[in-house]
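The values are calculated or read from the model by the stated rules, or taken from the named source; none is laboratory data. Quantities reported herein were computed from a predicted structural model and do not represent experimental measurements. Cβ placement follows ideal geometry from the backbone for every residue including glycine, while neighbour counts extend to all protein chains displayed.
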Amino acid sequence: MQNKIKLLLCVCAFGITQACYAEEIDINVDDVAANEQFSADAIEEYNVDGSLFQQITDLEQEKVLMQLEKERAQLNLDLDRLAAEKIKLHMEIDTLSGRAEQQQQEFETERARLQNEAKRLENEREALNNKQVAPTPSYAPSQPVYSEPSQPKPETEITKKYKLLNVFGAGSQLQATVQDLANGQNKKLSVGKDLDGYTVKSISLDEGVVFSKDGEIQTLNVANGN
């Protein structure tokens, strides 16, 4: 009798345990479904503005933009440098072209000069070759060649035609007044002037007026007029 009672109690306990386990399983399944629904709603309603994720994303974008701006600035500098080098290269090319043209002109001028010089020398050589010297006949006796004695050219004697009246002035600006003895006219003289083909070489108070012509010196002073 006691064994039957124990078996009945065990069966009841087992039934109660199964019922509780089933209920617990139902509760867990409902909790999981509720959590999943909450997560979906939270994700859908999540606002990224002002969040840490948004700040990190903005910082990364700013870094990328700054890097791009830096690379663009460097590219602009490189382009400006290349443009300046291009201009410099063109200037050097123009300078070299100008020098080349100048050297070509100088070369052409020098070549023309040498050609003219060679032509002149050739003409002189031909002229010497074509020049004929008349031979002296062997039968003709040599006769002395007489030349008329040279007659001295009449020279105007300043001292016989003019009289020194005075010397005036100072230093290198001295001048003199002479009188033509033939007509009584007075003439003013200074260094460098001509009188009857003679050039006034110097004027001084001591020597008077010194004239020069072809190496001949004549002096007109006060003593000549006395």
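With the condition kept exactly as written, say whether any residue in the range 208-223 is of a type in the set (Ser, Thr, Tyr) and more than 58 Å from the chain's Cα centre (by Cα). Explain how you work it out, then say what you get.
From the range 208-223, those of a type in the set (Ser, Thr, Tyr) are 212, 219; that's our starting set.
Imposing the further condition that a residue be more than 58 Å from the chain's Cα centre (by Cα) reduces the set to 219.
Yes.
The residues of the range 155-194 that are part of a strand (DSSP E or B) and touching a Phe, Trp or Tyr at 6+ places or on another chain (Cβ under 7 Å), listed by number, are 175, 178, 179, 180.
Can you go through 153, 161 and tell me which one is among the basic types (Lys, Arg) and modelled with pLDDT of 85 or more? So the residue among 153, 161 that is among the basic types (Lys, Arg) and modelled with pLDDT of 85 or more is 161.
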